[in-house]
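To start, the structure itself, in structure tokens.
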Amino acid sequence: MEKETKAIHTPFQKRDAYGALSFPVYNTVAYEFDSAQIMTEAFAGRVPEPDYSRVMNPTVTYFENRIKALSDADNVFALTTGMSAIFHTLLVFAEAGKTIVMSNHLFGNTYSLVTTTLARLGVKAQIADFSDLDLLDKTIADDACLIFAEYITNPQLEMVDIKKLSEIAHKRGLPMIVDTTAIPFTEVDARELGIDVEVLSSTKYISGGATSLGGLILDYGTFPEVKRRMSMEFLFNIGSYMTPQVAYMQTIGLETLKVRYDKQAQNALDLARLLQQVPQVKRVNYPGLQLQKPFGAMLTIDLETEQKCYDFLNSLRLIRRATNLFDSKSLAIHPYSTIFVNFTPEEKKKMDVLDTTIRLSMGLEDVNDLYEDIVQALGQ
């Protein structure tokens, strides 16, 4: 079956007693077992039966199974947020005295997770320029424990050569971990690119209208410790498992993911082309302009000054001033003063986060309405 069909027709683990077409929300904490022996097998992870909803819930399991069917991942773990998914994945491999190799172009909270939070636990960071992979290959730290990259960086919109980066990782026996939030996971061939673990915020494209927070770990089976530590350690000891209500909403979101993404990405490409002709826009950054096809639903524009950015945001009438990405509504934000507000000007400069940049997330509106709103906000 094609992915669009799988997204709708992935079989239930067990047939619903009432023949429900949507998998029910199992809003429960504990489950009764037919015998003490079966209970033991469930707690030991030898049978796929839920024991406690901090570790396994039927509604969440069904959502994970749909993601697995669409991605060809060996294992899928659904968690409370995208940041939680990143933290758990890094924690599988990182430890005191080891180094995480990552780009200077990362989402602000991911960057500070490594350089601040994990640093307090003794984990080191090698901040590298992923646009020069030959140099990275020669200078990668001897105590590296993993390489982490974003498929498309936020907000710099840099596209890294993931396949070459994974080759650098694998010849050293390191896992290649990639955050694919900026483009639907269904558009990424992780195995072909050499990705070992894919992480993403399901809050974005999957939730389908900013309905709920969630994060996913897609484990492609090349490092067995991912499944072992997630299943038998982290879900028990940390407790960041997705709730059944969120899993239900995001399962529904999966069913319309393809049609929504196609519209949002086309909006992004069309708007990027139109904005190239607007004098007040000093630069338009969108990967699809180079690829000559829709590619993701995020673009950035640069205006003349920081104050012009504030004036622009305050003049918008249709596009919402809000964080988040890939809502059904189009959104605009000034990353320099919001997402990266806790970084120093020097740090932001090193990360290529400019005070003249506006990030736009494309929704499902008519592109001409979006263009007209931007033009009037610029004072055309």
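The values are calculated or read from the model by the stated rules, or taken from the named source; none is laboratory data. The model shown is predicted, which means the values in this text are computed figures rather than measured ones. Note: ideal-geometry Cβ built from the backbone for every residue, glycine included; neighbour counts use all protein chains shown. The accessibility values were calculated without ligands, DNA or RNA, using every heavy atom of the protein model including side chains. Shrake-Rupley method; radii C 1.70, N 1.55, O 1.52, S 1.80 Å.
Looking at the stretch 148-159, can you tell me whether even one residue there is hydroxyl-bearing (Ser, Thr, Tyr), within 30 Å of Thr323 (Cβ to Cβ) and surrounded by fewer than 16 Cβ atoms within 10 Å (Cβ to Cβ)?
To start, the set of residues in the stretch 148-159 that are hydroxyl-bearing (Ser, Thr, Tyr) comprises 151, 153.
Keeping just the survivors that are within 30 Å of Thr323 (Cβ to Cβ) gives 151, 153.
Okay, now just the ones that are also surrounded by fewer than 16 Cβ atoms within 10 Å (Cβ to Cβ), so none.
Looking through the stretch 148-159, none of the residues is hydroxyl-bearing (Ser, Thr, Tyr), within 30 Å of Thr323 (Cβ to Cβ) and surrounded by fewer than 16 Cβ atoms within 10 Å (Cβ to Cβ).
All told, Asp134 falls short of being under 27 Å from Gly288 (Cα atoms), open to solvent by 50 Å² or more (accessible area, probe 1.4 Å) and modelled with pLDDT under 95. I'd like the residue in the stretch 304-323 that is open to solvent by less than 100 Å² (accessible area, probe 1.4 Å) and among the charged types (D, E, K, R) and, out of all such residues, is nearest to Asp355 (Cα to Cα). This residue is Glu306. Among the residues of the stretch 184-195, those identified as more than 19 Å from Tyr261 (Cα to Cα) and in contact with an Asp or Glu (Cβ under 8 Å, 6 or more places away or on another chain) are Arg191, Gly194. Within the stretch 325-355, restricting attention to residues that are in contact (Cβ under 8 Å) with a residue 40 or more places away in the chain and touching a Leu at 6+ places or on another chain (Cβ under 6 Å), the residue that is nearest to Ser207 (Cα to Cα) is Ser328. Among the residues of the stretch 239-287, those identified as open to solvent by 50 Å² or more (accessible area, probe 1.4 Å), within 30 Å of Val375 (Cβ to Cβ) and in a helix (DSSP H, G or I) are Val259, Asp262, Lys263, Gln266, Arg273, Leu274.
Give the residues of the stretch 36-89 that are hydroxyl-bearing (Ser, Thr, Tyr), over 18 Å from the mean Cα position of the chain (by Cα) and open to solvent by 40 Å² or more (accessible area, probe 1.4 Å), sorted by residue number.
Start the filter on the stretch 36-89 by keeping residues that are hydroxyl-bearing (Ser, Thr, Tyr), which leaves 40, 52-53, 59, 61-62, 71, 80-81, 84, 89.
So of that shortlist, the ones also over 18 Å from the mean Cα position of the chain (by Cα) come out as 40, 52-53, 59, 61-62.
Within the stretch 36-89, Thr40, Tyr52 meet the criteria.
When every residue of the stretch 365-373 is checked against the conditions, at least one turns out to be touching a Ser or Thr at 6+ places or on another chain (Cβ under 7 Å), more than 19 Å from Thr153 (Cα to Cα) and of a type outside the set (Lys, Arg). Restricted to helices (runs of 4 or more DSSP H) entirely inside the stretch 36-136, those with at least 1 residues that are under 21 Å from Val353 (Cα atoms) are 82-93, 108-112.
Condition check ((1) in a strand (DSSP E or B); (2) of a type in the set (Val, Ile, Thr)) across all residues:
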site	(1), (2)
Thr186	no, yes
Arg191	no, no
Leu200	yes, no
Thr203	no, yes
Leu213	no, no
Val226	no, yes
Ser231	no, no
Phe236	no, no
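Selection within the stretch 284-312: residues that are more than 12 Å from Pro155 (Cβ to Cβ) and of a type in the set (Val, Ile, Thr). The member of this set that is farthest from the chain's Cα centre (by Cα) is Thr305. Within the stretch 24-52, residues that are at positive phi sit with their Cβ atoms under 8 Å from residues that are at pLDDT 90 or above, at 6+ positions apart or across chains, in these pairs: Gly45/Ser231; Gly45/Met232.
Quick one: is Glu372 open to solvent by less than 60 Å² (accessible area, probe 1.4 Å) and either in contact with a helix residue (DSSP H, G or I) (Cβ under 9 Å, 6 or more places away or on another chain) or within 16 Å of Ala268 (Cα to Cα) (or both)?
Details: open to solvent by less than 60 Å² (accessible area, probe 1.4 Å): no; either in contact with a helix residue (DSSP H, G or I) (Cβ under 9 Å, 6 or more places away or on another chain) or within 16 Å of Ala268 (Cα to Cα) (or both): yes.
Taking the combined requirement at face value, the residue does not satisfy it.
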